[in-house]
Amino acid sequence: MTEQIRGRVVRPGAVVPGLVEVDGPTILSVAEDPHAGDDVIVPGFVDLHCHGGGGHTFTRGDAQDAARAAAFHLAHGTTTMLASLVSSPYELMREATAAYLPLVGEGAIAGIHFEGPYLSGVRCGAQNPAFLRDPSLEELSALVELGAGAIRMVTIAPELPGALDAVRYLVEHGVVAALGHTDATYEQTLAGVAAGATVGTHVFNGMRPPHHREPGPVVALLDSPSIVCELVADGIHLHDGMLRFAAHATPYRSALITDAMDAAGMPDGRYELGGQEVTVADRVARLARDGSIAGSTLTMDAAFRQAVGAGLDLPTAATMASTTPARALGRTDIGALEAGLRADLVVLSADLRVKRVMRSGEWI
């Protein structure tokens, strides 16, 4: 049975008054319709980097809690997402991998992202320093084998001993290697890119800041054509001017992420991330021990609105929220409103608030 969804359809480079015709789980066609109305239709959001939301978390390896976190973000338009852990003991990484395999199989999450523990102690941010360590091929190979395709991305600081070998191993086994939480030089970062890394983890945040005589990882990542640059568009991690600059500097290479923790969608108060106490006040999450920003309370629909409010047009924001992150995962079946792709879409009001969400042709 087919269904037609009318509105201002956001496609690459254009916003077209029209309709999206869906046949089961697949987009059948996209056509113009001058009487489409004021709703805005965008592809389902794709979040490469999320630790939880709605009071639930991906970081403890609890499958039921993870499923609820994914459901919370689905209601905000995220139809594809990675479940991100923070730096953890190896045993927890194994437990989470095994626990989340059924969620990957049923499509609740698109895979697992290990943000650490192979990160810089100098730039660890809200990562628990007690769990940081140098990259281990023994650990990675066992996790990749256990995950059977479920591990989709691992963030590594490229300057650490063994980091480049770890990047090469991940790429050879179909896992996206990301560079982040790093004190690397410009040259060390480019070595990570040359080894096969294709994502920059929340670029600008958790990195040596750029300097005109030592560009560091920020400039290396922004200037590398093979790198998709994650950006946290919450007005806290990045000034709107920096968000706009980065988007313009990396056309078709910037991806909005939430980096959300379980406090997303929840009241201010005390929370926990990676065994550390986090205080949330006025939507800003910070470590209680030193005030470091600890993830976010963001959802992808809010990130999309922030990007548009920062001066990016609807097609650019939709590319950043859907098309580019889908490409970073190697997913050619999602990320755009085009015939033949999976029917993942979000219907927004004229002020860009979520009205309805469809995943695989079903309204949620």
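The values are calculated or read from the model by the stated rules, or taken from the named source; none is laboratory data. It should be emphasised that the depicted structure is a prediction, and the values quoted were computed from it without experimental measurement. Cβ coordinates were reconstructed from backbone atoms using ideal geometry, including for glycine residues, and neighbour counts include every protein chain displayed. Side chains are part of the model used for accessible areas, which takes the heavy atoms of the whole protein and leaves out ligands, DNA and RNA. Shrake-Rupley method; radii C 1.70, N 1.55, O 1.52, S 1.80 Å.
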What FRET efficiency, computed as 1/(1 + (r/R0)^6) with R0 = 41 Å and r the Cβ-Cβ distance, is obtained for residue 98 and residue 223, rounded to the nearest 0.05? 0.55
Residues in region 300-343, backbone N under 14 Å from the label point at residue 23 (7 Å along the Cα-to-beta-carbon vector): list them, ranges by number please. 339-343
Net charge (Lys, Arg +1; Asp, Glu -1) of residues whose beta-carbon lies under 11 Å from that of residue 229, residue 229 excluded, is -1
quick note, the chain, DSSP beta bridge pairs, % antiparallel (nearest 5) is 60 percent
Folded to 0 to 90 degrees: helix 300-309 orientation relative to the chain principal axis, Cα: 80 degrees
Give me the log10 of I(q) over I(0) for the chain at q = 0.06, 0.12, 0.15 Å⁻¹, as the Debye formula computes it from C-alpha points; what are the numbers? -0.20, -0.81, -1.28
Residue by residue through region 178-186, which ³J(HN,Hα) values in whole Hz follow from phi under the Karplus form 6.51 cos²θ - 1.76 cosθ + 1.60 (θ = phi - 60°), with glycine and proline marked x? 10, 10, x, 6, 9, 10, 5, 6, 4
Return the Rg/Rh ratio of region 119-244 with Cα-based radii and a Kirkwood Rh. 0.97
Heavy-atom accessible area per residue, the chain, 1.4 Å probe: how many Å²? 38 Å²
Report the net charge of residues surrounding residue 361, where surrounding means a beta-carbon distance below 10 angstrom and charges are Lys +1, Arg +1, Asp -1, Glu -1. -2
Counting only helical runs of four or more DSSP H residues, what would the 222 nm mean residue ellipticity of the chain come to if each run contributes -39,500 (n - 2.57) and the total is spread over all its residues? -7500 deg cm²/dmol
Taking protein heavy atoms only, a 1.4 Å probe, and rounding to whole percent, the accessible area of the chain owed to carbon and sulfur comes out at 52 percent
Relative contact order %, region 179-270, counting alpha carbon pairs below 8 Å whose residues are six or more apart: 25 percent
May I ask what percent, to the nearest 5, of DSSP beta bridges between residues of region 1-121 are antiparallel? 65 percent
Just to be sure I understand: of the beta bridges DSSP finds with both ends in region 102-222, what percent are antiparallel, rounded to 5? 10 percent
